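> Before we start, here is the structure in question, set down as structure tokens.
The values are calculated or read from the model by the stated rules, or taken from the named source; none is laboratory data. Source: prediction; values computed, not measured. For neighbour counting, all protein chains shown are included, and Cβ atoms are generated from backbone atoms with ideal geometry for every residue, glycine included.
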Amino acid sequence: MTEPDLDPAVDYPLSVNRRDLLVTPTGKPLDAITMPAVMAGDVDAADLRISPETLRLQAQISEKSGRPALGANLRRAAEMTALSDERVLQIYNALRPNASSRAELEAIADELSSTYHAELLSALVREAAEVYERRDILATSE
Amino acid sequence: MTAVAPQGSPLDGVRHSLRTEVLENRPVNLDGFVEEWPEVGMVAMDSPFDPAPSVRVQDGVIVEMDGVARADFDFIDQFIADHAIDIETTEDSMALPAVEIARMLVDPNTSRSEVIAVTKGLTPAKLLEVAKTMNIVEIMMGMQKMRARRTPANQAHCTSARDNPVQVVCEAAEASIRGFSEVETTLGVVRYAPLVAMALQIGSQVGEGVALTQCALEEATELELGMRGITAYAETISVYGTEPVFVDGDDTPWSKAFLAAAYASRGIKMRFTSGTGSEVQMGNAQGKSMLYLEIRCILVTKGAGVQGLQNGSISCIGVPGAVPAGIRAVAAENMIASAVDLECASGNDQSFSHSPMRRTARLMPQMMPGTDFVCSGYSATPNYDNMFAGSNVDSDDFDDFNTIQRDLQIDGGLRHVKEDDILAVRTRAAKALQAVFDYLDLPSISDAEIDAAVYANGSADLLPRDVLEDLKGAQQVMDRGITGLDLVKALESTGFSDVAANLLAVLRQRVSGDLLQTSAIMTPALEPLSAVNDANDYQGPSTGYRPSGARWEEMKKLRHVTSASNPEMEVE
């Protein structure tokens with residue numbers, strides 16, 4: 001599916017103007033998230049998450065509104081939807097100063113790239129590994 | 001603040017005039033003031049050790065910034081150079097004299113986007129140089145134009161000295177009806193967080209309009225509550241302006257950037273937090289001025305791709321507040337955040353002065369021009385209940401604040417609400433929480449507790465709760481994996497369908513991601529309003545946001561206003 005070409009002035013907010021484009025990560029249209037559906041048990045927490053496709057639409061809106069850095073964050077976020085909450089917190093902790101060796105950070109970068117196809121996140125972690133080494137904030141090896 | 005009797009005090013045994021005695025006893029003399037001491041960073045915005053602006057680009061990479069060669073960059077320099085500064089335009093922007101850029105910020109003939117086309121290429125030292133040319137009124141002019149969202153708003157603190165969820169649900173409901181767009185809580189006893197965060201989330205959805213909610217906790221716990229849908233946004237993601245202090249905070253710009261993507265990946269709005277004085281307070285300012293270090297935080301935020309920043313000294317306000325021009329520097333840090341196109345939640349959120357005059361003066365540079373959130377936040381409780389160590393303005397000040405809005409026709413986001421309406425939402429909120437606790441088999445809330453909380457001013461007026469039972473209940477919320485969706489079901493099942501519908505509308509926003517755009521809030525019609533669909537279009541007199549129409553009529557109402565048709569009566 002090719003990504004629709006959005007006009008921030010016309011299409012934003014997507015929840016008002018482009019509901020047709022909004023689908024949960026579980027494949028439900030936004031309009032299926034209704035109170036009767038919630039009460040019938042047809043909606044669970046996974047349905048109230050954002051999909052990578054929607055994050056890329058919002059990235060497009062940010063970029064077209066002159067906010068490339070915000071757009072880049074939303075594109076990293078789109079990749080991160082594939083990671084479990086637990087793995088997200090583990091990698092965050094691994095990125096803290098003096099928490100990981102260079103090899104450990106590079107292994108995470110490899111995992112992000114090979115397991116999740118998260119090239120942008122992988123690049124962020126790889127960049128951190130280089131800077132941490134230069135600034136001497138890698139874990140001291142035993 | 002001082003342990004010894006100051007020189008000239010009535011206690012020094014010297015004869016003083018009665019005038020001096022009066023002045024000695026003024027509240028302002030309880031505040032702390034110190035001389036500038038640049039070597040340790042006790043200087044607002046003009047340290048002899050601040051670097052001179054410079055930039056050099058080679059092969060598409062910044063190889064020198066503010067006098068430091070790339071090989072010597074600390075991690076903040078490198079993050080800013082590689083992520084926050086526009087490589088294409090930086091050399092041209094840096095070539096402009098600082099005073100010319102400052103004039104663009106003030107000049108009504110220059111649009112916001114024309115300013116941003118320049119600021120996106122500026123280094124920290126250059127932004128500092130720009131701010132140094134501006135007096136407080138010019139800084140306010142800059143803020144008026146550069147605020148990202150056209151419509152100003154406000155944020156409240158809803159906390160309880162006893163971490164009492166019944167108080168917090170009432171305060172959140174009252175804050176929401178008074179007009180706050182966001183409500184934030186934190187805890188005395190951290191283990192209480194799940195119950196208090198639930199109370200905040202439910203209370204903020206009662207009545208017309210909704211406020212987005214947040215619970216300030218350590219990073220990982222805050223993220224977990226957000227992922228579960230018990231809170232709606234996050235703010236307590238701190239960044240710092242020197243490398244050693246950043247490391248002391250157990251983070252780096254890369255770990256924070258990763259966290260930023262984590263929030264967005266779950267559809268949760270987030271902003272960073274920083275402020276002048278934090279590096280001095282944490283003992284490692286490297287001799288730089290407070291504003292220079294804060295500008296580095298602003299650019300780290302921008303480089304991480306975060307939509308906004310809470311700044312304006314925040315919990316360190318006593319530090320810039322103690323030095324000359326400190327409050328001018330605080331106003332400048334808000335303006336610079338806005339000038340680089342970030343949402344700005346602009347402080348005014350910590351006890352700052354014993355002097356009511358000084359408290360008000362500290363508020364005006366944000367309240368007069370309007371910011372995305374004038375306070376971050378305004379204490380919706382009495383000072384003693386504020387678990388963020390007090391705020392610059394609190395519930396005692398509601399009528400004063402509303403009167404200042406009306407006097408000056410400036411929009412601080414609040415409105416006067418009749419007592420009947422306030423009691424009604426407080427009652428409904430407390431009953432909703434009672435029903436939800438009952439439905440989820442959490443420690444019960446009695447009718448007597450509700451009655452006390454609805455009519456209370458603060459936690460001293462409440463009935464005590466069984467804290468041990470509450471803490472067990474709070475643990476159960478975490479162990480049983482209760483989510484925002486469970487709260488919706490509980491509310492709907494117990495006859496609070498309107499509250500349930502509002503909460504579901506907020507949770508649905510995660511699917512759309514509309515609140516991830518810059519400066520997003522929810523309108524009373526439950527639609528997202530951000531810098532994308534409400535871009536600030538100020539460009540001089542008669543343009544931009546001005547309170548008018550229904551909003552201005554609402555702002556004219558106060559507790560006591562004499563009727564024009566019948567001077568014996570007050571307007572309803």
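> In this structure, is residue B:492 modelled with pLDDT of 95 or more, of a type in the set (Asp, Glu), more than 30 Å from the chain's Cα centre (by Cα) and under 30 Å from residue A:21 (Cβ atoms)? Give the steps one after another, and end with the answer.
Working: modelled with pLDDT of 95 or more: yes; of a type in the set (Asp, Glu): yes; more than 30 Å from the chain's Cα centre (by Cα): yes; under 30 Å from residue A:21 (Cβ atoms): yes.
For residue B:492, the condition - modelled with pLDDT of 95 or more, of a type in the set (Asp, Glu), more than 30 Å from the chain's Cα centre (by Cα) and under 30 Å from residue A:21 (Cβ atoms) - is met.
> If residue B:133 satisfies all but one of (1) within 12 Å of chain A (Cβ to nearest Cβ); (2) farther than 20 Å from residue B:343 by Cα; (3) among the hydroxyl-bearing types (Ser, Thr, Tyr), what's the number of the condition it fails?
(1)
> Just to be sure I understand, how many residues within the stretch B:224-277 are in contact (Cβ under 8 Å) with a residue 40 or more places away in the chain, of a type in the set (Ser, Thr, Tyr) and facing chain A (nearest Cβ under 7 Å)?
Of the residues in that region, 1 qualify.
> Let me ask something else. What tally of residues in the stretch B:478-492 results from selecting those that are crowded, with 18+ Cβ neighbours inside 10 Å and more than 14 Å from every other protein chain (Cβ to nearest Cβ)?
The total comes to 0.
> Is there any pair linking a residue in the stretch A:55-75 that is more than 7 Å from chain B (Cβ to nearest Cβ) to one that is among the aliphatic types (A, V, I, L, M) and outside any helix (DSSP H, G or I), with Cβ under 6 Å and at least six apart or on different chains, and which?
As it stands, the answer is A:60/A:6, since those pairs meet every condition given.
> To continue, here is another question. Could you pull out the residue among A:45, A:103, A:72, A:77 that is within 24 Å of residue A:130 (Cβ to Cβ), touching a helix residue (DSSP H, G or I) at 6+ places or on another chain (Cβ under 7 Å) and of a type in the set (Gly, Ala, Ser)?
On the way: A:45 fails: within 24 Å of residue A:130 (Cβ to Cβ); A:103 fails: touching a helix residue (DSSP H, G or I) at 6+ places or on another chain (Cβ under 7 Å); A:72 fails: touching a helix residue (DSSP H, G or I) at 6+ places or on another chain (Cβ under 7 Å).
Exactly one of A:45, A:103, A:72, A:77 is within 24 Å of residue A:130 (Cβ to Cβ), touching a helix residue (DSSP H, G or I) at 6+ places or on another chain (Cβ under 7 Å) and of a type in the set (Gly, Ala, Ser), namely A:77.
> Scan the stretch B:353-381 for residues that are surrounded by fewer than 24 Cβ atoms within 10 Å (Cβ to Cβ), part of a loop (DSSP other than H, G, I, E, B) and among the polar types (S, T, N, Q) and jot them down.
B:353, B:355
> Does the stretch B:151-196 hold any residues that are in contact with a Leu (Cβ under 8 Å, 6 or more places away or on another chain) and β-branched (Val, Ile, Thr), and which are they?
Matches in the stretch B:151-196: B:151, B:159, B:166, B:168, B:169, B:183, B:185, B:186, B:189, B:190, B:196.
> Just to be sure, is residue B:276 over 24 Å from residue B:190 (Cα atoms) and surrounded by 23 or more Cβ atoms within 10 Å (Cβ to Cβ)? Walk me through how you get there before you give the answer.
Numbers: over 24 Å from residue B:190 (Cα atoms): yes; surrounded by 23 or more Cβ atoms within 10 Å (Cβ to Cβ): yes.
Yes.
> Given the residues B:495, B:473, which is the only one that is in a loop (DSSP other than H, G, I, E, B), within 30 Å of residue A:40 (Cβ to Cβ) and away from chain A (no Cβ under 12 Å)? Write out each step before concluding.
Values: B:473 fails: in a loop (DSSP other than H, G, I, E, B).
The unique qualifying residue is B:495.
> Looking only at the stretch B:119-139, filter to residues that are touching a helix residue (DSSP H, G or I) at 6+ places or on another chain (Cβ under 6 Å) and part of a loop (DSSP other than H, G, I, E, B); which one of those is surrounded by the most Cβ atoms within 10 Å (Cβ to Cβ)?
Applying the filter and picking the extreme gives B:122.
> Among what's in the stretch B:509-539 and is part of a helix (DSSP H, G or I) and farther than 13 Å from residue A:8 by Cα, pick the residue that is nearest to the other protein chains (Cβ to nearest Cβ).
So in the stretch B:509-539, the residues part of a helix (DSSP H, G or I) come out as B:509-512, B:514-516.
Of the ones still in play, those that are also farther than 13 Å from residue A:8 by Cα are B:509-512, B:515-516.
Values: B:509: 6, B:510: 5, B:511: 5, B:512: 4, B:515: 9, B:516: 5 Å.
So the residue we want is B:512.
Every residue, every condition in (1) among the β-branched types (Val, Ile, Thr); (2) at negative phi; (3) touching a helix residue (DSSP H, G or I) at 6+ places or on another chain (Cβ under 9 Å); (4) without any contact (Cβ under 8 Å) to a residue 40 or more places away in the chain, yes or no:
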| position | (1), (2), (3), (4) |
| --- | --- |
| B:484 | no, yes, yes, no |
| B:494 | yes, yes, yes, no |
| B:516 | no, yes, yes, no |
| B:520 | no, yes, yes, no |
| B:551 | no, yes, no, no |
| B:558 | no, yes, yes, no |
| B:568 | no, yes, no, yes |
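> Would you confirm whether any residue within the stretch B:333-341 is more than 24 Å from residue B:151 (Cα to Cα) and at pLDDT 95 or above? Before the answer, list the steps.
Our first condition is that a residue be more than 24 Å from residue B:151 (Cα to Cα); within the stretch B:333-341, this holds for none.
Checking the stretch B:333-341: not a single residue is more than 24 Å from residue B:151 (Cα to Cα) and at pLDDT 95 or above.
> Quick test for you: out of A:99, A:103, pick the one residue that is small (Gly, Ala, Ser), more than 27 Å from residue B:514 (Cα to Cα) and either surrounded by fewer than 17 Cβ atoms within 10 Å (Cβ to Cβ) or more than 10 Å from every other protein chain (Cβ to nearest Cβ) (or both).
Numbers: A:99 fails: either surrounded by fewer than 17 Cβ atoms within 10 Å (Cβ to Cβ) or more than 10 Å from every other protein chain (Cβ to nearest Cβ) (or both).
Just one listed residue meets the conditions, A:103.
> Follow-up question, since we're still on this one. One residue is enough: does the stretch B:452-461 have a residue meeting the conditions of a type in the set (Ser, Thr, Tyr), in contact with a helix residue (DSSP H, G or I) (Cβ under 8 Å, 6 or more places away or on another chain) and crowded, with 16+ Cβ neighbours inside 10 Å? Can you show your working first?
Here is the first cut: in the stretch B:452-461, the ones of a type in the set (Ser, Thr, Tyr) are B:455, B:459.
Within this subset, residues satisfying the condition of being in contact with a helix residue (DSSP H, G or I) (Cβ under 8 Å, 6 or more places away or on another chain) are B:455, B:459.
Now restrict to residues that are crowded, with 16+ Cβ neighbours inside 10 Å: B:459.
Within the stretch B:452-461, one or more residues are of a type in the set (Ser, Thr, Tyr), in contact with a helix residue (DSSP H, G or I) (Cβ under 8 Å, 6 or more places away or on another chain) and crowded, with 16+ Cβ neighbours inside 10 Å.
> Could you tell me whether the stretch B:510-518 includes any residue that is more than 23 Å from the chain's Cα centre (by Cα), under 23 Å from residue A:31 (Cα atoms) and either acidic (Asp, Glu) or surrounded by 22 or more Cβ atoms within 10 Å (Cβ to Cβ) (or both)?
Yes, there is a match, as at least one residue in the stretch B:510-518 is more than 23 Å from the chain's Cα centre (by Cα), under 23 Å from residue A:31 (Cα atoms) and either acidic (Asp, Glu) or surrounded by 22 or more Cβ atoms within 10 Å (Cβ to Cβ) (or both).
> For residue B:94, all conditions in the list (1) within 23 Å of residue B:243 (Cα to Cα); (2) touching a Leu at 6+ places or on another chain (Cβ under 9 Å) hold save one; what is the number of the exception?
Condition (1) is where residue B:94 drops out.
> I would also like to ask the following. Take the conditions out of contact with any Lys or Arg (no Cβ under 8 Å at 6 or more places or on another chain) and facing chain B (nearest Cβ under 7 Å) and apply them to residue A:48. Does it pass?
Working: out of contact with any Lys or Arg (no Cβ under 8 Å at 6 or more places or on another chain): no; facing chain B (nearest Cβ under 7 Å): yes.
In short, no.
> Can you pull out the residues in the stretch B:281-295 that are surrounded by fewer than 24 Cβ atoms within 10 Å (Cβ to Cβ) and in contact with a helix residue (DSSP H, G or I) (Cβ under 7 Å, 6 or more places away or on another chain)?
Once the filter is applied, which keeps residues that are surrounded by fewer than 24 Cβ atoms within 10 Å (Cβ to Cβ) and in contact with a helix residue (DSSP H, G or I) (Cβ under 7 Å, 6 or more places away or on another chain), the stretch B:281-295 yields B:281, B:282, B:284, B:287.
> Looking only at residues in the stretch B:393-448 that are among the small types (Gly, Ala, Ser) and in a helix (DSSP H, G or I), which one is surrounded by the most Cβ atoms within 10 Å (Cβ to Cβ)?
Here is the first cut: in the stretch B:393-448, the ones among the small types (Gly, Ala, Ser) are B:395, B:412-413, B:424, B:429-430, B:432, B:435, B:444, B:446, B:448.
Next cut, in a helix (DSSP H, G or I) only: B:395, B:424, B:429-430, B:432, B:435, B:448.
Numbers: B:395: 23, B:424: 16, B:429: 32, B:430: 28, B:432: 26, B:435: 19, B:448: 9.
Checking each candidate, the answer is B:429.
> Between B:182, B:208, B:222, B:171, which is surrounded by 24 or more Cβ atoms within 10 Å (Cβ to Cβ) and either modelled with pLDDT under 90 or not assigned by TED's automatic domain parsing to the domain that holds residue B:377 (or both)? Explain how you work it out, then say what you get.
Details: B:182 fails: either modelled with pLDDT under 90 or not assigned by TED's automatic domain parsing to the domain that holds residue B:377 (or both); B:208 fails: surrounded by 24 or more Cβ atoms within 10 Å (Cβ to Cβ); B:171 fails: either modelled with pLDDT under 90 or not assigned by TED's automatic domain parsing to the domain that holds residue B:377 (or both).
Testing whether each residue is surrounded by 24 or more Cβ atoms within 10 Å (Cβ to Cβ) and either modelled with pLDDT under 90 or not assigned by TED's automatic domain parsing to the domain that holds residue B:377 (or both) leaves just B:222.
> If residue A:39 passes every condition in (1) exposed (fewer than 15 other Cβ atoms within 10 Å of the Cβ); (2) within 23 Å of residue A:120 (Cβ to Cβ); (3) at the interface with chain B (Cβ under 7 Å from one of its Cβ atoms) but one, which one does it miss?
(2)
> Six or more apart or on different chains, Cβ atoms under 6 Å: show the pairs whose first residue is in the stretch B:58-79 and under 21 Å from residue B:302 (Cα atoms) and exposed (fewer than 11 other Cβ atoms within 10 Å of the Cβ) and whose second is among the hydrophobic types (A, V, I, L, M, F, W, C) and at pLDDT 95 or above.
B:60/B:87
> Anything in the stretch B:95-118 that is farther than 28 Å from residue B:542 by Cα and buried (at least 22 other Cβ atoms within 10 Å of the Cβ)? List them, or say none.
Once the filter is applied, which keeps residues that are farther than 28 Å from residue B:542 by Cα and buried (at least 22 other Cβ atoms within 10 Å of the Cβ), the stretch B:95-118 yields nothing.
> Within the stretch A:7-20, is even one residue more than 14 Å from residue B:485 (Cβ to Cβ), more than 7 Å from chain B (Cβ to nearest Cβ) and either modelled with pLDDT under 95 or in a loop (DSSP other than H, G, I, E, B) (or both)? Break it down stepwise before answering.
Pass one, the stretch A:7-20, residues more than 14 Å from residue B:485 (Cβ to Cβ): A:7-20.
Cutting the leftovers down to more than 7 Å from chain B (Cβ to nearest Cβ) gives us A:7, A:9-11, A:17-20.
Of the ones still in play, those that are also either modelled with pLDDT under 95 or in a loop (DSSP other than H, G, I, E, B) (or both) are A:7, A:18.
So far as the stretch A:7-20 goes, yes, one or more of its residues are more than 14 Å from residue B:485 (Cβ to Cβ), more than 7 Å from chain B (Cβ to nearest Cβ) and either modelled with pLDDT under 95 or in a loop (DSSP other than H, G, I, E, B) (or both).
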